[in-house]
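Below you'll find the structure, written out as structure tokens, and then a few comments.
The values are calculated or read from the model by the stated rules, or taken from the named source; none is laboratory data. Everything numeric in this text was worked out from a predicted model, so none of it was measured. Quick reminder, even Gly has a Cβ in these numbers, built from the backbone with ideal geometry, and neighbours come from all protein chains shown. The accessibility values were calculated without ligands, DNA or RNA, using every heavy atom of the protein model including side chains. Shrake-Rupley method; radii C 1.70, N 1.55, O 1.52, S 1.80 Å.
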There are 2 protein chains.
Amino acid sequence: MELDESTPDPRVRLWSPVCQAVALLLGPYAEVVLHDAGRDRVLAIWNPMTRRAAGDPSLLGELDRLEPSAHDVYGPYEKLLADGRRLSSVSAVLRGPDGEPSAVLCVNLDRTPLDRAAALLAGFAAPTAPRPEALFEQDWTERVHQIVGGFVRTRGRPVERLGREDRLAVLAELDRAGVFTVRRAVPVVATALGASRSTVYALLAELKDRSDPR
Amino acid sequence: MELDESTPDPRVRLWSPVCQAVALLLGPYAEVVLHDAGRDRVLAIWNPMTRRAAGDPSLLGELDRLEPSAHDVYGPYEKLLADGRRLSSVSAVLRGPDGEPSAVLCVNLDRTPLDRAAALLAGFAAPTAPRPEALFEQDWTERVHQIVGGFVRTRGRPVERLGREDRLAVLAELDRAGVFTVRRAVPVVATALGASRSTVYALLAELKDRSDPR
DNA sequence: TCCGGACTGGACGAAGTGTCCAGGACCTGA
DNA sequence: TCAGGTCCTGGACACTTCGTCCAGTCCGGA
């Protein structure tokens, strides 16, 4: 475990045993993080999988997805580490005796070994099956223009005359279509929309914070 | 083992040790059958999964699929038992000292437990509702694992034992699938392949200059 | 035991990404 | 016509990701 020794937080003392237990149980492939939700900082961390330590900013957007929920538990949802590892994560809001949120617990489980094991077992002596031939959308540029074009048609006015809301709507659609997971997509979209790169980023930011006003 | 004791066939004495070894190795989920190809009868059987015994007709069409082949080994192919169990089967033509076919060996492996285990592992802590919706290609990470997994299956060896050529082939396939147009794809692929980022780039470069030696 | 090829982590410059800001275009009401 | 908005823009910037390179390590074969 790594702790900020200078400030022995009572919350850490309170929850440390559970965290430690979970960390031990799930072995080297699970990281347990205790967050200070208010300050967006790491309170303590067990089996860290990245370089984060107590006191660091929380990062990783572990607290982003806490949309209202009846129970204080979220997930499991998928996260992707920079080095490519796939994580399954669950989060829980921890409340003090007064019922007020006091910390957030996150458990991040590295799925890679499981995935590998599953693939291994599934492949063991398996019949040489036809490959799951699966192509991506080859020309995503085409797709962008298609979407923009379709939108323009429904609004009945050319790209240059699209208003702010219109552009937001197109961008939302493009985003839903996953266009922005593709490399170099933003400049292409900007051009297709007849807007600048800056504007696209600005609109994108606005979209994000409309759907998740924090 | 069940043998037709009344006719101690020399072929059985000859092949029995191998058969027994295989039967022991693959435990209770594999059946080993020695056929008299000419007479279409069972010569001997280890760990029988059905009621067949030595002397019974071969049934099951185990000898049907022996289309001409350079090597005398066939499969693995899939068979289905009456009770629904999925089998992976391999057959081999066994030849005597004179080079003439003398018997046919079949190993039938019950895949059900493996399939179950694979499903279990794959589902362990799996995200219930992964990331956002997407029309384009929502979980390309999944796709990467599928492609790699499928490939592993055709080669019949786990990821860590793939040779250089194998890896090149997987990468070629991933590339054809357009995986590398996606942001942050390389680290993910590297992890899935159990290789380093450096290696993936190196192999990718080699692929490129094989197809375009300039 | 040594050798050579393949893989690795680390380092690095190049490219791409996202944010910020000081203009400037445009609208709108006075 | 002007003042005060809003929105967009290009440019500058810090930061991340990409792709390359290299010295060191691992490993199988002579």
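One line per residue, one yes/no per condition, for (1) modelled with pLDDT under 85; (2) of a type in the set (Val, Ile, Thr); (3) within 24 Å of residue B:74 (Cβ to Cβ):
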| residue | (1), (2), (3) |
| --- | --- |
| B:100 | yes, no, yes |
| B:104 | no, yes, yes |
| B:133 | yes, no, no |
| B:146 | yes, no, no |
| B:164 | no, no, no |
| B:172 | no, no, no |
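The residues on offer are A:181, A:199, and the sole one that is crowded, with 17+ Cβ neighbours inside 10 Å and of a type outside the set (Asp, Glu) is A:181.
Counting only residues that are in contact with a Ser or Thr (Cβ under 8 Å, 6 or more places away or on another chain), aliphatic (A, V, I, L, M) and either open to solvent by 20 Å² or more (accessible area, probe 1.4 Å) or not in a strand (DSSP E or B) (or both), segment B:83-105 holds 2 of them. Answer yes if at least one residue in segment A:159-177 is within 13 Å of DNA strand C (Cβ to nearest atom), open to solvent by 40 Å² or more (accessible area, probe 1.4 Å) and within 18 Å of residue A:141 (Cα to Cα), and no otherwise. Among the residues of segment A:159-177, at least one is within 13 Å of DNA strand C (Cβ to nearest atom), open to solvent by 40 Å² or more (accessible area, probe 1.4 Å) and within 18 Å of residue A:141 (Cα to Cα), which makes the answer yes.
For segment A:106-120, which residues satisfy the criterion of being charged (D, E, K, R) and either under 21 Å from the mean Cα position of the chain (by Cα) or part of a strand (DSSP E or B) (or both)?
Looking only at segment A:106-120, we keep the residues that are charged (D, E, K, R), and these are A:110-111, A:115-116.
Within segment A:106-120, A:110, A:111, A:115 meet the criteria.
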